[in-house]
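The block underneath contains the structure these notes are about, expressed in structure tokens.
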Amino acid sequence: MDCIVKISSWDRVKIHICSLLCGLWILLKRFLLRFWKPNAGGASEKRGSPPACLLETPMGTHSFVKLKGVKLHYVECGGGRDKPLVILLHGFPDCWIGWRQQVPILSCHFRVVALDLKGFGDSDKPLSARSYQISTVVTELRSLITSLGVRSCVIVGHDLGALLGWFLVHCYPDVVTKFVAISCPHPNVYWSCLPKASAFNSRWLHLSQLPSLAEMEALTNDLGIIDQCYQHLKNKKGQEAYLDAYKYTFSRSEDWTGPINYYRNLPFWRVSEGKGTVNVPTLLLTGNKDPWVNLESIVKSSDYVDKFLVKMVEGAGHFPHQECPEAVNKLLLSFLIEKPQVKSPQRESSLGLVNRMFSSTMLYGKGMLDVVQKTTSGVTTFPTRALALAQSGS
């Protein structure tokens, strides 16, 4: 685990000072709101039985695996163990059901495991923040791969799941054959590029460091944070049940403590810059309308991998795999099934970031003109804005 390093003492102190100030402001605001509007910001509604979509099994088989000190729930689809294994790691706030539109498609070619991360869904939910230290979580993910009877697998992660995937490919590159990071920059870029207007910005980061306060905020306004995250499910025919499923999954305070504990640990850790880049083929995928992820941060993340593709999904926000599933599934199948002759681009100081990106893309066997101009399917490789951002940083 020597590839994971802690941020400086001063940076840690700054986070805690900002957290204290943020907490005082939140408490003051809650007090004033309760004084002036006693009925405002009520707690979440009590939800009894889980929605059918969390229990039905046409998508796969619900299973559990007991690792050292933790039991994890997952849904498996795709049959025999002769197929390559793909593990899907969801984001925050989410669970295995977030991959409902990928599992059936991927299972035609792979053995697919959609995991409930520790602290989420039906997996164990230890309340101690120490249980979510990055070294512990990464070791558990490696043990999970072994327990599923394989030596290596493909990791597809979204948001928090991709953030954990980044650490996994750096610490144990031998267990990951390919890596897909959806809507998630590299850990060394992530925390410095939080958009101010996003739901999970620096204010959320500081709030999360305080005990219980973030959980209290998450439960207000009948889980308004879920409505904010999953606006693409609201008023959309056939999707309302999934919004109810998320509200059921996160209806209690203890349903939030585990997920928030990740954010009580992750901001304090980075990948050691001295360890160099990883050689795992990586797809960096993002939506062009993502309000929570800066496009520049996705481009910068390519500095940490030797072999990569950057793809942008037109019209998608922070959940491209749910908002534009057909475009994302096509990209995933293309990246995971094709076996191109991949070579690492030369990392010479004279090469700008944009040149490196184009070089890497061409080495994946795609003609540059073809990749750049192919937008009719809703996917663009290098949008004008991203190029401008990259050029400004070259």
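The values are calculated or read from the model by the stated rules, or taken from the named source; none is laboratory data. This one's a predicted model, so the numbers in the text were calculated from it and none came from an experiment. Note: ideal-geometry Cβ built from the backbone for every residue, glycine included; neighbour counts use all protein chains shown. SASA here: full protein model, heavy atoms, side chains in, ligands and nucleic acids out. Shrake-Rupley method; radii C 1.70, N 1.55, O 1.52, S 1.80 Å.
Remark: for residue pairs LYS66/LYS178; LYS14/LYS311; LYS247/LYS307, the C-alpha separation exceeds 30 Å in LYS14/LYS311; LYS247/LYS307. Taking all Cα pairs closer than 8 Å and separated by 6 or more residues, the relative contact order of the stretch 203-251 comes to 26 percent.
Excluding ligands, DNA and RNA, what is the solvent-accessible area per residue of the stretch 1-156 at a probe of 1.4 Å, expressed in Å²? Don't jump to the answer; show the numbers that get you there.
Details: 8090 Å² over 156 residues.
Solvent-accessible surface per residue comes out at 52 Å².
With both labels modelled 7 Å from their Cα along Cα-to-Cβ, the LYS14 to ALA241 distance reads 4.8 nm. Taking 7 Å steps out from each Cα toward its Cβ at LEU27 and THR277 produces label points 4.8 nm apart. Value of Rg to Rh for the stretch 119-173, rounded to two decimals, is 0.96; Kirkwood radius and Rg both from alpha-carbon coordinates.
Expressed as a whole percent, the accessible surface of the stretch 172-242 that belongs to carbon and sulfur atoms is 51, based on a 1.4 Å probe.
Amide H to amide H, which residues 5 or more places from LEU89 or on other chains are under 5 Å from it, using H placed in the peptide plane? So LEU89 has HN proximity to VAL156, GLY157, HIS158.
Our coupling estimate for the stretch 87-102, obtained by passing each phi through the Karplus curve with A = 6.51, B = -1.76, C = 1.60 and θ = phi - 60°, is 9, 9, 10, 6, x, 10, x, 7, 7, 4, 5, x, 9, 4, 9, 9 Hz, Gly and Pro reported as x.
Using C-alpha pairs under 8 Å with a sequence gap of at least 6, the mean separation divided by the residue count of the stretch 161-276 gives a relative contact order of 25 percent.
Working note: Debye formula, equal point scatterers on the alpha-carbon atoms of the stretch 71-165, no solvent; log10 I(q)/I(0) at q = 0.23 Å⁻¹ is -1.27.
In the stretch 205-251, the ratio of gyration radius to Kirkwood radius, Rg to Rh, stands at 1.06 when only Cα atoms are counted. Length, then width, then depth: along the principal axes, the Cα atoms of the stretch 1-127 run 59, 45, 27 Å. Here the dipole of the stretch 114-244 is about 400 debye; that uses its Cα centre as origin and unit charges on the Cβ of Lys and Arg (positive) and Asp and Glu (negative). The convex hull built on the alpha-carbon positions of the stretch 173-212 has an orientation-averaged projected area of 4.5 nm².
Across every direction, the projection of the convex hull enclosing the Cα atoms of the stretch 265-323 has a mean area of 5.0 nm². The residues of the stretch 275-331 present an accessible area of 30 Å² per residue when probed at 1.4 Å with all protein chains retained. Counting only the backbone N, which residues of the stretch 69-87 are under 15 Å from the spot 7 Å out from the Cα of VAL150 toward its beta-carbon? Only 75-87 fall inside the zone, counting backbone N under 15 Å.
Among TYR263, TYR248, the sequence by solvent-accessible area, most first, with a 1.4 Å probe is TYR248, TYR263. Considering every alpha-carbon pair of the stretch 153-307, the percent of pairs per 5 Å bin, from zero through the bin containing the longest distance, is 2, 8, 16, 19, 19, 16, 12, 6, 2, 0. Short-range pairs are left out: with C-alpha atoms under 8 Å and at least six residues apart, the relative contact order of the stretch 1-147 is 20 percent.
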